[in-house]
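J.: Right, I'll just put the structure down here and ask away after.
The values are calculated or read from the model by the stated rules, or taken from the named source; none is laboratory data. In this text, all values refer to a predicted model and were calculated from it rather than measured experimentally. For neighbour counting, all protein chains shown are included, and Cβ atoms are generated from backbone atoms with ideal geometry for every residue, glycine included.
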Amino acid sequence: MTTSTEIRLASRPTGMPTPENFEVATVELPDPAPGQIQVRNQWMSVDPYMRGRMNDTRSYAAPFELGKAMQGGAVGTVTASNAEGYAEGDLVRSFFGWREAFNAPAAAVEKLDTRGLPPQAFLGVAGMPGLTAYTGLLRIAQLKDGDTVFVSGAAGAVGSLVCQIAKAKGHTVIGSAGGAEKIAFLKEIGVDHAIDYKAENNLSRALHRTAPDGIDVYFDNVGGDHLEAALNNAKLFSRFAICGLISAYNDTGPPAGPRNFVQVLARSVRMEGFIVSNHADLEPAFLADLSGWVKEDKVKWRETVVEGIVKAPEAFLGLFSGQNLGKMLVKLG
Ligand code: NDP
């Protein structure tokens, strides 16, 4: 028997979640059954989309079940195998979520080829957030020569890679994030203009200051006033990739804006929402390009690491107050 601590959804939040919405439980795992492996996670991911899954509403992903472990990406090692092709010590990525260890059919996990990157990068820059950046910028916003690119949530897991891909391709990049440390990081990764949105009382004017001729591409991680500012500064025929709207994830009523949505029409903005899981076909091209950019030192990434599974709710809640620079991760074991 192996012991595993897990974090379960205790109740559904209204507005911003609180620690009371989560509960800690310990389970005993038997030896893996035929066809199964036992995995001990080293790293688990907390991501903003998990907030939506805490609600009891149908969306592109099903709600988390009350009383069950929260789901999400993790990277760990096989500690016992009763399945062909898997041996103790193999590194795997899985989606069994906020738990220290689990038993699962071998077919339900993915053996990880780390390509020389640290394993936890496959929850961040080389994982789902990385593929989101690549898909949104290249496929959805259809980046083209000469584009000026505005990125909100620019110091986060997705946003920081969007900025660097655009820079690697020679574009002018404007990034917005909250606070001096994040602005310093944006400068370090080569962003041309970094806007500390928390220090600005008029985001639209701040964006105009940095891009007087307007923007061609907006990569939206935030929504609300950031989307309004982008619309006010949109060039004719600009393209908006609507990736996330984190400023509204804890709203209890309908969102206030963007009040200037009419600009989508007036400026012939092509604005397209996307869910990264519908673009998995891009993953081989993404990983090949990313490996090249990392070797050429064109891409850097940051991690904010919280230790121990019982701190997972704290790490998750920190996403909504900007406690993370780069990818928020939980280190286990
Ligand atoms: P991040 O690493 O960017 O973490 C979240 C960040 O959002 C925080 O650090 C904070 O940064 C910022 N933030 C939180 N609340 C607000 C607010 N009210 N106003 C402005 N900024 C805020 O997360 P990810 O990179 O994982 O995700 C970024 C976005 O991409 C999210 O909206 C997410 O839902 C979306 N996403 C969409 C996917 C898709 O398939 N469409 C897939 C993956 C992610 P700061 O301190 O700068 O405010």
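J.: Here is a check on your reading of the model: is Thr148 within 20 Å of Arg270 (Cα to Cα), in contact (Cβ under 8 Å) with a residue 24 or more places away in the chain and away from the ligand (no atom under 16 Å from the Cβ)?
T.: yes
J.: Next question. If you check Glu314 against the conditions, is it away from the ligand (no atom under 15 Å from the Cβ), surrounded by fewer than 16 Cβ atoms within 10 Å (Cβ to Cβ) and acidic (Asp, Glu)? Give the derivation first.
T.: Numbers: away from the ligand (no atom under 15 Å from the Cβ): no; surrounded by fewer than 16 Cβ atoms within 10 Å (Cβ to Cβ): yes; acidic (Asp, Glu): yes.
Answer is no for this residue.
J.: Going through the stretch 46-82 one residue at a time, which ones are β-branched (Val, Ile, Thr) and in a loop (DSSP other than H, G, I, E, B)?
T.: Val46, Thr57
J.: State all residues of the stretch 4-24 that are of a type in the set (Gly, Ala, Ser) and surrounded by 14 or more Cβ atoms within 10 Å (Cβ to Cβ); if no residue qualifies, say none. Steps first, answer last, please.
T.: First pass over the stretch 4-24, keeping only residues of a type in the set (Gly, Ala, Ser): 4, 10-11, 15.
Listed by number, the residues that qualify are Ser4, Ala10, Ser11.
J.: Given the criterion over 16 Å from Trp301 (Cβ atoms) and crowded, with 24+ Cβ neighbours inside 10 Å, identify the matching residue among Ala234, Ala206.
T.: Going through Ala234, Ala206 in turn, the sole match is Ala234.
J.: Follow-up question, since we're still on this one. What do you reckon, is Asp113 assigned to a loop (DSSP other than H, G, I, E, B), away from the ligand (no atom under 15 Å from the Cβ) and at pLDDT 95 or above?
T.: Criteria not met by Asp113.
J.: Taking the options Val294, Val264, name whichever one is assigned to a helix (DSSP H, G or I), of a type in the set (A, V, I, L, M, F, W, C) and over 20 Å from the mean Cα position of the chain (by Cα).
T.: Exactly one of Val294, Val264 is assigned to a helix (DSSP H, G or I), of a type in the set (A, V, I, L, M, F, W, C) and over 20 Å from the mean Cα position of the chain (by Cα), namely Val264.
J.: Considering only the stretch 198-227, state which residues are assigned to a helix (DSSP H, G or I) and over 22 Å from the mean Cα position of the chain (by Cα).
T.: Once the filter is applied, which keeps residues that are assigned to a helix (DSSP H, G or I) and over 22 Å from the mean Cα position of the chain (by Cα), the stretch 198-227 yields Ala199, Leu203, Ser204, Arg205, Ala206, Leu207, His208, Arg209, Thr210.
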